[in-house]
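For reference, the structure discussed in these notes is given below.
The values are calculated or read from the model by the stated rules, or taken from the named source; none is laboratory data. In this text, all values refer to a predicted model and were calculated from it rather than measured experimentally. So basically every Cβ, Gly included, is an ideal-geometry build from the backbone, and we count neighbours across all protein chains shown.
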Amino acid sequence: MNAARHTLRPLPARLRWPIAMAVWALCHGALAEPAAMQPLSPDAYRYADRAYQSIAANQLDAAEHAARAALAVQPDSLQLNLLLLDVLTRKGQLEAARAQADAVLARFPDQPRVYAQHGFLAQRAQQPEVAEQDFARALEGTDWTPQEQRNLRLAWSDSAYAAKHPDAALRALAPLQDQPDPDIQIRLAQARLQAGDREGAAHAAALAGAQSDDPVRQRYARALFAQATNAGAAQDAAALPANDPRVIGQRALNEAYGHLRAHDDRAALDAFQRGFATGEGSWTHYADAAYAAKRLGDNPTAISLFRASLDHADADRADDDGGGGDPTGSQPLPPDRRFGYRREVEQMQRTWGAVLSSAYQASAFGLPSNRSILQGGAEVYWQPPGIGYQDGRILQVFARGYDNLHDGSGAPTGMPTAQGSVGARYKPIKEANLVFTAERLVKIGSQSVNDTLLRIGYSSDEGIDLQVTKPRWQTWQVYAEGAYFVNAGRLIVSGEARYGHTWRLAFISDRLTVYPHIVLAGDHDNKADRQLAAGIGPGVNFRYWFRESKYAAPASWLDLTVQFRMALTHADRAKGVVARAILWF
């Protein structure tokens, strides 16, 4: 055995990161089995269920809000603490996730799954020494399945190897070393080579190459075998030269995560870019850098980085398709997160839009009527580049017009009722869908008006966006708005709530959904004869999503809603059939 210790380039991200993702998944597999944990109180259960539903809908801000609400009710619950940790990890808020992991570890020091999740976060933050210790502690638990034990041991080995602790890497792999699995033998080869056991490394590398039909694994196994059998490799290669691009790149990535923990997104983004310039970085690194750019309001850079993340994930998937697949059974980029990245791109790159709508027994400006009315409208809006979308804060200017297409009372329709408006709306809080709107109503037809309209609207929802991984999901919406016509002195406060489930009609198109629901709607109009109106009843909504690309989620949809409302008050406007058709482009 050669006494010199050798180092090869770290295990390729294509082989390393699926193990990390599998560890993350097994940590949160416990969340689906809460029976083994402390039972939840009714209030905590309600908030936790809301958080799980929001995670499924990829609405992570709502999931975090619900998880924190659940924890406020029952702070000593391991399940709820892990739930919040899961949400923060999914959101890419690594510093907050690490802080939560530290807090959970301090409160539950004997829970193996907590150590596993803490280790996963340490791995992602490029802290292999911490991850190594965490995975070793996690394996002291006895409730792991054989597959979970395997994934933890591979993650422990990866961390120990990255920390240049080959003896610990070999201890991690000892119970698995007789298995011919290429992932195990590759790790044995690199750890033995790092420890100076060139003969043992050559044996493991040869076995890995013979057992694998994946081109990536085969190439890496050949490289390990070549270094183990190359007489010239006897030189001291305990570390790559400090000026090696791989060393420089990894050092920059480590620095980036340090800046993220310090809330310095600008410095983190600069460090990420330096690391990427050397060729280092996986899809997770690019996604974390993209979120940093997004928080800075640098939309072009964020879009470019999200696209690069998707490209790296596609390269991983192409490797899997070309070989025998990923034996860990874990995809490098889960489909729901892929869709979430594409939705981020779609939102940031949007600069304009148009909305065509028609409504039956509904009035765009709240004009009172007890008769059936069919109204049509169109809007064009502009979202200024740069300031139009800033990390969830939205500014738009718009122009629109409406008129009555039919009036069952025989009142004027068509051009005499044409009403125009120009205005602006602003959503100042990224976590809350609170929108302020000011618009000038412009008289076009003889029956329309000149006035100033001020509006405040708030909405919350779950399951409204397309779910690409589920055939069915829970959906609800709540909307409230106050509208004040300055000249007329008229105040209308309206609201609507819907609850139901959405199905993807995949047998027709995987972009077509149906949403049967119950609706409760009403308004208060200080100028109406009967000021309060409210109705309740069933409804159904069909939505078709379109205009998407490889990098962007669907940007447009065609929406048809039909409801039948029964009046809860004496106002006639609260009852009957309500139908809306909307083309959002």
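At a glance:
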{"item": "Tabulated pairs, the range 153-169, first touching a residue at least 60 places away in the same chain (Cβ under 8 Å) and among the small types (Gly, Ala, Ser), second surrounded by fewer than 24 Cβ atoms within 10 Å (Cβ to Cβ) and part of a helix (DSSP H, G or I), C-beta under 6 angstrom, 6+ apart or interchain", "result": "162/128"}
{"item": "Residue within the range 254-273 that is touching a Gly at 6+ places or on another chain (Cβ under 6 Å), surrounded by 14 or more Cβ atoms within 10 Å (Cβ to Cβ), at pLDDT 80 or above and not assigned by TED's automatic domain parsing to the domain that holds residue 121 present", "result": "no"}
{"item": "Subset of the range 279-294 (residues that are at pLDDT below 90 and farther than 12 Å from residue 94 by Cα)", "result": "279, 280, 281, 282, 283"}
{"item": "Flag for residue 465 being out of contact with any His (no Cβ under 6 Å at 6 or more places or on another chain), within 22 Å of residue 432 (Cβ to Cβ) and in the same structural domain as residue 579 (by TED's automatic domain parsing)", "result": "yes"}
{"item": "Scope the range 445-458; condition modelled with pLDDT under 95 and out of contact with any Lys or Arg (no Cβ under 9 Å at 6 or more places or on another chain); matching residues", "result": "445, 446, 447, 448"}
{"item": "Test: residue in the range 115-129 that is of a type in the set (D, E, K, R), over 28 Å from residue 59 (Cα atoms) and without any contact (Cβ under 8 Å) to a residue 60 or more places away in the chain", "result": "yes"}
{"item": "Residue within the range 422-439 that is over 18 Å from residue 491 (Cβ atoms), touching a residue at least 12 places away in the same chain (Cβ under 8 Å), β-branched (Val, Ile, Thr) and surrounded by 17 or more Cβ atoms within 10 Å (Cβ to Cβ) present", "result": "no"}
{"item": "Neighbours by Cβ (under 8 Å, 6+ apart or cross-chain): first from the range 52-79, free of Cβ contacts under 8 Å to residues at least 40 places away in the same chain; second β-branched (Val, Ile, Thr) and outside any helix (DSSP H, G or I)", "result": "none"}
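A quick yes/no check of all residues on (1) touching a residue at least 40 places away in the same chain (Cβ under 8 Å); (2) surrounded by fewer than 14 Cβ atoms within 10 Å (Cβ to Cβ); (3) of a type outside the set (Gly, Ala, Ser):
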{"position": "486", "(1), (2), (3)": "no, yes, yes"}
{"position": "499", "(1), (2), (3)": "no, no, yes"}
{"position": "518", "(1), (2), (3)": "no, no, yes"}
{"position": "540", "(1), (2), (3)": "no, no, yes"}
{"position": "552", "(1), (2), (3)": "yes, no, no"}
{"position": "562", "(1), (2), (3)": "no, no, yes"}
